[in-house]
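I have placed the structure first, in the form of structure tokens, so that the comments after it can refer back to it.
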Amino acid sequence: MKRTIFSIVNFFAIFLLSATLSLTDEGMWTLNQLDKLPWEKMQKTGLQLTPEQIFNPDGSSLKDAIILLGGGTSSFVSADGLILTNHHVAFGAIQSVSSVGEDRLKDGFIANIREEELSVPSYTAQIVVNQKDVTQEVLSAVSDTMSPESRSKAIQAKMREIEKREKGTSEYECRISEFYNGVKYYLFTFDIFRDIRLVYAPPTAIGNYGGETDNWFWPRHTGDFSLMRVYVAPDGKHTRYSKENVPYKPKVFLPISVQGYNEGDFAMILGFPGRTFRYLSRLQIASEILLNRSRKIRPVSLNHPRQPTTK
């Protein structure tokens with residue numbers, strides 16, 4: 001089953017005895033688990049945000065700057081709807097506006113003015129509006145006497161029923177995601193933007209991220225990024241491409257700092273992992289490693305995440 005998890009992953013250094021001896025604390029949480037984070041400890045190590053500033057379903061917060069775009073995490077980085085994403089996330093968009101005569105994958109692309117930005121009809125930008133625990137309602141459709149096949153069908157039917165009800169007549173899209181192998185089910189409500197345009201892409205020789213061979217090795221000397229922009233109708237409606245559409249004004253965007261960072265700075269990632277094995281026990285991890293070795297498969301990374309979470 002395809003899951004969509006919005007999560008936060010955080011890493012913070014606690015210095016002991018000297019600046020050269022440090023420990024890194026880390027973990028991954030969904031947005032409804034923010035109350036479980038050690039906020040006092042995190043603030044001592046540099047965090048300057050409150051839980052409400054990260055996720056506030058009743059108002060604007062950091063989650064309004066984070067986008068699910070083309071299957072990957074992206075971010076608003078300007079007041080005029082500019083999106084920063086990975087080159088490999090934008091790959092399909094760049095490919096769709098390329099041709100034999102204009103190979104924008106190979107040669108790259110830049111729009112010097114907004115009128116030159118290229119429409120990408122196949123892409124949408126999705127922002128999480130809310131997250132709701134619907135585990136009890138979903139599992140009310142099953143019983144202990146059901147066969148695995150009947151159980152799966154009942155769960156799927158119940159999920160579709162809840163999604164349809166929660167969407168109602170709104171323009172939002174509602175999707176239920178399974179967590180922890182069916183232990184939890186969360187309903188995510190998304191605001192969908194349908195006019196997405198390519199602004200900049202480096203040549204593939206620069207933007208190619210190296211696939212799984214290079215993706216988890218550092219340092220990585222690649223320009224794995226691209227820029228896109230979200231447009232809406234003049235009245236704010238989320239319509240498809242039109243010459244009359246205007247850049248979207250996001251509720252929140254991430255200002256880019258050119259000051260760099262220092263060793264030991266607090267770091268946190270908010271986005272959509274592809275998959276995670278963080279819920280597995282130590283024995284399950286050991287079993288997975290042994291199984292992969294017997295099959296001569298490279299072990300999966302526990303940090304290979306595309307679902308709403310925070311690290």
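The values are calculated or read from the model by the stated rules, or taken from the named source; none is laboratory data. Please read these numbers as outputs of a predicted model, since none were measured by experiment. Note that we place each Cβ from the backbone using ideal geometry, even for glycine, and neighbour counts take in every protein chain shown.
Have a look at Gly223, Gly236 and point out the one that is farther than 20 Å from Ser119 by Cα and not in a helix (DSSP H, G or I).
Details: Gly236 fails: farther than 20 Å from Ser119 by Cα.
Selected residue: Gly223, the only one of Gly223, Gly236 that is farther than 20 Å from Ser119 by Cα and not in a helix (DSSP H, G or I).
Just the residues that are closer than 16 Å to Leu31 by Cα and among the aromatic types (Phe, Trp, Tyr), please, taken from the range 268-278.
Hit for the range 268-278 is Phe272, nothing else.
Listed here are the residues, each with its yes/no results for (1) within 14 Å of Gly81 (Cβ to Cβ); (2) in a loop (DSSP other than H, G, I, E, B).
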site	(1), (2)
Tyr185	no, no
Ile206	no, no
Thr213	no, no
Met228	yes, no
Ile256	no, yes
Gln259	no, yes
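Which one is surrounded by the most Cβ atoms within 10 Å (Cβ to Cβ) among residues in the range 163-177 that are under 17 Å from Val128 (Cβ atoms) and among the charged types (D, E, K, R)? Don't jump to the end; show me each part of the working.
Of the residues in the range 163-177, the ones under 17 Å from Val128 (Cβ atoms) are 163, 166-167, 170-177.
Subsequent filtering for residues that are among the charged types (D, E, K, R) retains 163, 166-167, 171, 173, 175.
On the way: Glu163: 17, Glu166: 19, Lys167: 14, Glu171: 9, Glu173: 16, Arg175: 17.
Once the filter is applied, the top-ranked residue is Glu166.
From Thr204, Thr189, which residue is among the hydroxyl-bearing types (Ser, Thr, Tyr) and farther than 30 Å from Gln156 by Cβ? So that I can check it myself, show each step before the final result.
On the way: Thr189 fails: farther than 30 Å from Gln156 by Cβ.
None of the others qualify; the one that does is Thr204.
Of (1) touching a Phe, Trp or Tyr at 6+ places or on another chain (Cβ under 6 Å); (2) closer than 25 Å to Ile66 by Cβ, Val138 satisfies all except one. Which?
It is condition (2) that Val138 fails.
Here is a yes/no grid of residues against (1) crowded, with 19+ Cβ neighbours inside 10 Å; (2) not in a loop (DSSP other than H, G, I, E, B):
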{"position": "Ala79", "(1), (2)": "no, no"}
{"position": "Ser98", "(1), (2)": "no, no"}
{"position": "Gly101", "(1), (2)": "no, no"}
{"position": "Ser122", "(1), (2)": "no, no"}
{"position": "Ile127", "(1), (2)": "yes, yes"}
{"position": "Gln131", "(1), (2)": "yes, yes"}
{"position": "Val142", "(1), (2)": "no, no"}
{"position": "Gln156", "(1), (2)": "no, yes"}
{"position": "Glu161", "(1), (2)": "no, yes"}
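Could you grab the pairs with beta carbons closer than 8 Å, sequence gap of 6+ or different chains, first residue in the range 204-226 and farther than 19 Å from Lys106 by Cβ, second one surrounded by 14 or more Cβ atoms within 10 Å (Cβ to Cβ) and of a type in the set (Ser, Thr, Tyr)?
Every condition considered, the pairs that remain are Asp214/Thr222; Asn215/Tyr209; Arg220/Tyr209.
So which residues in the range 183-198 are in contact with a helix residue (DSSP H, G or I) (Cβ under 9 Å, 6 or more places away or on another chain), hydrophobic (A, V, I, L, M, F, W, C) and surrounded by fewer than 20 Cβ atoms within 10 Å (Cβ to Cβ), if there are any at all?
Val183
State which residue is modelled with the lowest pLDDT when the search covers only the range 235-280 and only residues that are of a type in the set (Val, Ile, Thr) and surrounded by fewer than 12 Cβ atoms within 10 Å (Cβ to Cβ).
We begin by selecting, within the range 235-280, every residue of a type in the set (Val, Ile, Thr); these are 239, 246, 252, 256, 258, 269, 276.
After this cut, where a residue has to be surrounded by fewer than 12 Cβ atoms within 10 Å (Cβ to Cβ) as well, the list is 256, 258.
On the way: Ile256: 89, Val258: 86.
Checked the range 235-280; the qualifying residue modelled with the lowest pLDDT is Val258.
Among the residues of the range 52-73, is any at pLDDT 85 or above, more than 30 Å from Val89 (Cα to Cα) and hydroxyl-bearing (Ser, Thr, Tyr)?
Within the range 52-73 (the criterion being at pLDDT 85 or above, more than 30 Å from Val89 (Cα to Cα) and hydroxyl-bearing (Ser, Thr, Tyr)), the answer is no, since none of the residues qualifies.
When you go through Arg197, Arg165 one by one, which is the residue that is in contact with a strand residue (DSSP E or B) (Cβ under 9 Å, 6 or more places away or on another chain), among the charged types (D, E, K, R), modelled with pLDDT of 95 or more and in a strand (DSSP E or B)? Reasoning before the result, please.
Details: Arg165 fails: in a strand (DSSP E or B).
Only one candidate passes the filter, namely Arg197.
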